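Written out below as structure tokens is the structure these notes cover.
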Amino acid sequence: MRVIGGQFRSRPLLAPSGQATRPTSDRLRETLMNVLENGARNRVAGARVLDLFAGTGAVGVEALSRGAASVTFVEQSAQSMAILESNCRNMGIGRQAHRVRAKAAQWLQRAASGELYDWVYLDPPWDDADAYTQTLEALGFTACSLLANDAWVIAEHRRKSALQDCYGCLKRWRILEQGDAALSFYACAKISAATHAEGDEPR
């Protein structure tokens, strides 16, 4: 694993051995960043990012490498958090990276009146359907106050897994498939008309 672009480009990322953690692949991270950076505006530079089920921190570190203002990493596993912290330390990332060891849905409930995020990435274990439902429902209902006015919520999942089109205020507007993986893009339905006008949003 490595950082794909930005100031940390080509630098290696640590990852745990075994199958307990499944980091987002280099190819899928590159695809994600292309979508975020190359629309009507760059959604990475200066962004406040929330990386849920952060694992090794690969997505959040990639965002920081490309100019994100800050990333909040939320990860429940002690092993993964230790590796995430090592990756941040190896890149020299300090105050920009906020690391929280917690279960994502529970943390969202507690943080519902906290910082506003420009985009949220979530990558639970692919077979944990409850984790997807609980987290997306939290973001679409009680924790929607964490989302900036034109925020995106992006869920990585198995291509054959069926996520719902709506969770509270969140409405899916795009599915991007790559190999066995897929990215579902959600935006808050109440601002869909405004974001559509930008030219790179729901269509």
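No lab work stands behind these numbers, since they all come straight from the coordinates. Keep in mind the model is a prediction, meaning the values are calculated, not measured. Because the Cβ atoms are built from the backbone with ideal geometry, glycine has one as well, and the counts that use them run over all protein chains shown.
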Choose one answer from Leu36, Leu64, Leu147: the residue with the largest mean-square fluctuation in a GNM of the chain with alpha-carbon springs under 10 Å. Leu36
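Quick one: dipole size for the stretch 26-196, taken about the Cα centre, charges +1 on Lys/Arg Cβ and -1 on Asp/Glu Cβ, in debye to the nearest 20.
Details: 19 positive and 19 negative charges, 68 e Å.
It works out to roughly 320 debye.
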With springs connecting C-alpha atoms under 10 Å apart, model the chain as a Gaussian network and identify which of Gly168, Gly60, Gly179 has the largest mean-square fluctuation. Gly179
Just order 50-59, 95-104 by mean Cβ neighbour count inside 10 Å, highest at the front, would you? 50-59, 95-104
Restricting to bridges with both residues inside the chain, how much of the DSSP beta-bridge set is antiparallel, in percent to the nearest 5? 50
